[in-house]
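Novice: Right, I'll just put the structure down here and ask away after.
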Amino acid sequence: GHRKEGGPGMSQKTSLCYWYPLIKDILPTPRTEIVPLEEGDIDVLFEALDGKGSPDMLRAHLISAASHFNYPLFMRTDFTSGKHDFLDTCFVQSSNDIFGHALALFEDTLCKDISIGAFVFREFLQLESGFKAFRGLPISKERRYFVEDGKVLCHHPYWPEDAIRGEVLRKGDGWKAILKELNTETPEEIELLTAMAGTFSNLVPGAWSVDFAKMKHNIPHSWVLIDAAEAFRSWHPSDCPVAFPEGS
């Protein structure tokens, strides 16, 4: 059966470097620049975490790769974005912040015992958001669809109330009503995202979770595919009849 951490092939599938090229020209995604880590970069990152070494080359390489984007931009590794530490990780306001955020993201992968193959820069999307939680993260209209063999198995709002209850930045009861509205799945939305998730599943073999976010304005392609992971690695509501025994 599945193991949580298999060999390289197993653990690398969830990497954006694997699934993103398979879908990028077919499904709407944020503009994305992948910066693969080169030999020695991991050592540079470890040394920089200890305040040693000279990360100037890696810093310059990252700043140069990000120069095609406006600020703020969204930064992640090929596996994680450290969303819960939003202001120190994925939300980058100027080129001066890039290397510090790269280190924070690297540390995030170490804490989660995940390998890292690349840093990834993405256009920062203006999403339909209701309020902020954690460290400034806008809580938005986001959905997670589980798919396999071209079919949708189930779908859920990405932010259940329990996940953010203690983390809302401006208290007061209003956020629950706002969240309920953000989390309401309409028949039109379900039809659209079922089709998009099915397309993903036809392009990427296996069982996956696929995450979508809704842009602030009702432009064409107002739903954007923002992330994906192997299903057994993805959070899944325990009360859903679709079960992933390995679910983490």
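The values are calculated or read from the model by the stated rules, or taken from the named source; none is laboratory data. Remember, it's a predicted structure, so these values are computed and weren't measured experimentally. We place every Cβ from the backbone using ideal geometry, glycine too, and count neighbours over all the protein chains shown. Quick note on the areas: whole protein, heavy atoms, side chains included, nothing else; ligands and nucleic acids left out. Shrake-Rupley method; radii C 1.70, N 1.55, O 1.52, S 1.80 Å.
Novice: Dividing the Cα convex hull volume of the chain by residue count, how many Å³ per residue is that?
Specialist: Convex hull of Cα atoms, per residue: 138 Å³.
Novice: To continue, here is another question. Which entries of K132/K214; K112/K180; K13/K151 have Cα-Cα distances beyond 23 Å here?
Specialist: Among K132/K214; K112/K180; K13/K151, the Cα-Cα distance tops 23 Å for K112/K180.
Novice: Out of every Cα-Cα pair in segment 18-98, what percent are more than 21 Å apart?
Specialist: Counting every Cα pair in segment 18-98, those more than 21 Å apart make up 36 percent.
Novice: Determine the shape class of segment 1-138: with a ≥ b ≥ c the square roots of the Cα gyration tensor eigenvalues, call it rounded for a/c under 1.5, and otherwise prolate if a/b is greater than b/c, oblate otherwise.
Specialist: Cα axes put segment 1-138 in the rounded bin.
Novice: Over all directions, what mean area does the Cα convex hull of segment 99-150 project, stated in square nanometres?
Specialist: Across all orientations, segment 99-150 yields a mean hull projection of 6.1 nm².
Novice: While we're on this one: Determine the gain in length on full extension of the stretch S115-L203; use 0.36 nm per residue of separation and subtract their C-alpha separation, reporting nm with one decimal.
Specialist: 29.2 nm
Novice: Would you mind calculating the relative contact order of segment 90-248 from Cα pairs under 8 angstrom and at least 6 residues apart, reporting the percent as a whole number?
Specialist: 21 percent.
Novice: At 1.4 Å probe size, put R31, R144 in order of accessible surface, largest to smallest.
Specialist: R31, R144
Novice: A further question on this structure: Sorted by packing (mean other beta-carbon atoms within 10 Å per residue), highest first, where do 225-232, 53-60 land?
Specialist: Peptide ranking by packing, descending: 225-232, 53-60.
Novice: Give the accessible area for Y158 in Å² (nearest 10); use a 1.4 Å probe, count only protein heavy atoms, and leave out ligands, DNA and RNA.
Specialist: Spelled out: Y158, probe radius 1.4 Å, area about 50 Å².
Novice: Is the C-alpha gyration tensor of segment 103-204 telling us rounded, prolate or oblate? Criteria: a/c under 1.5 is rounded; beyond that, a/b larger than b/c is prolate, otherwise oblate.
Specialist: Oblate is the answer for segment 103-204, as a/c is 1.5 or above yet b/c matches or exceeds a/b.
Novice: Okay, moving on. Run the simple label-point estimate for W235 and E47 please: 7 Å along Cα→C-beta, distance reported in nm.
Specialist: Output for this residue pair reads 3.7 nm.
Novice: Let me ask something additional. Starting at 0 and stepping by 5 Å, how many percent of the alpha carbon pairs of segment 140-248 end up in each bin?
Specialist: Distribution as computed: 2, 12, 21, 23, 19, 13, 7, 2, 1 percent.
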